Amino acid sequence: MMLMTRAALEKLRTLIQEHPDDPIVRVAVRDLDETRLSFTITLDNTVQPTDDVQEIGGLTIAVEGASAPRMDGITVDYAETGGFMFLHPDEPGTIRLTRSQLN
């Protein structure tokens, strides 16, 4: 199960209010190479059949099916100065998005 901080939830609620036709938060993770990952957050209007769907803080979060096992235990946080961050419970520090996609 993926977790979200209050700051991340508040930012996502604001983004959904700005884009009311896309109320689903979609999260995915991809390998860039052997040592780097790319996380994406997008807003969408539908849930896909292969998505792992969670309700977190009143938001519908759709984790792309292939990404779901890799997002288990990850906490999504948000800071005005750093944007969205993905925190892994077993490793110190954070994995920061270099570019988040918010549609």
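Take the residues in the range 16-41 that are more than 13 Å from the chain's Cα centre (by Cα), in contact (Cβ under 8 Å) with a residue 12 or more places away in the chain and not in a loop (DSSP other than H, G, I, E, B); name whichever of them is surrounded by the most Cβ atoms within 10 Å (Cβ to Cβ).
It comes out as Ile16.
Can you pull out the residues in the range 45-66 that are in contact with an Asp or Glu (Cβ under 8 Å, 6 or more places away or on another chain) and either in a loop (DSSP other than H, G, I, E, B) or in contact (Cβ under 8 Å) with a residue 40 or more places away in the chain (or both)?
Hits for the range 45-66 are Asn45, Gln48, Thr50, Asp51, Ile61, Val63, Glu64.
Can you tell me how many residues within the range 53-69 are buried (at least 16 other Cβ atoms within 10 Å of the Cβ), at pLDDT below 95 and not aliphatic (A, V, I, L, M)?
The number of residues fulfilling the criteria is 3.
Within the range 76-85, count every residue that is buried (at least 16 other Cβ atoms within 10 Å of the Cβ) and in contact (Cβ under 8 Å) with a residue 60 or more places away in the chain. Steps first, answer last, please.
Of all residues in the range 76-85, those buried (at least 16 other Cβ atoms within 10 Å of the Cβ) come to 76-78, 83-85.
Subsequent filtering for residues that are in contact (Cβ under 8 Å) with a residue 60 or more places away in the chain retains 76-78, 84.
The total comes to 4.
Within the range 41-55, can one find any residue that is among the acidic types (Asp, Glu) and out of contact with any strand residue (DSSP E or B) (no Cβ under 8 Å at 6 or more places or on another chain)?
no
What is the one condition in (1) free of Cβ contacts under 8 Å to residues at least 60 places away in the same chain; (2) exposed (fewer than 13 other Cβ atoms within 10 Å of the Cβ) that Met1 does not satisfy?
Status for Met1: all satisfied but (1).
The values are calculated or read from the model by the stated rules, or taken from the named source; none is laboratory data. All figures in this text were calculated on a predicted structure; none of them were measured in a lab. Glycine gets a Cβ as well: all are built from the backbone with ideal geometry, and neighbour counts include every protein chain shown.
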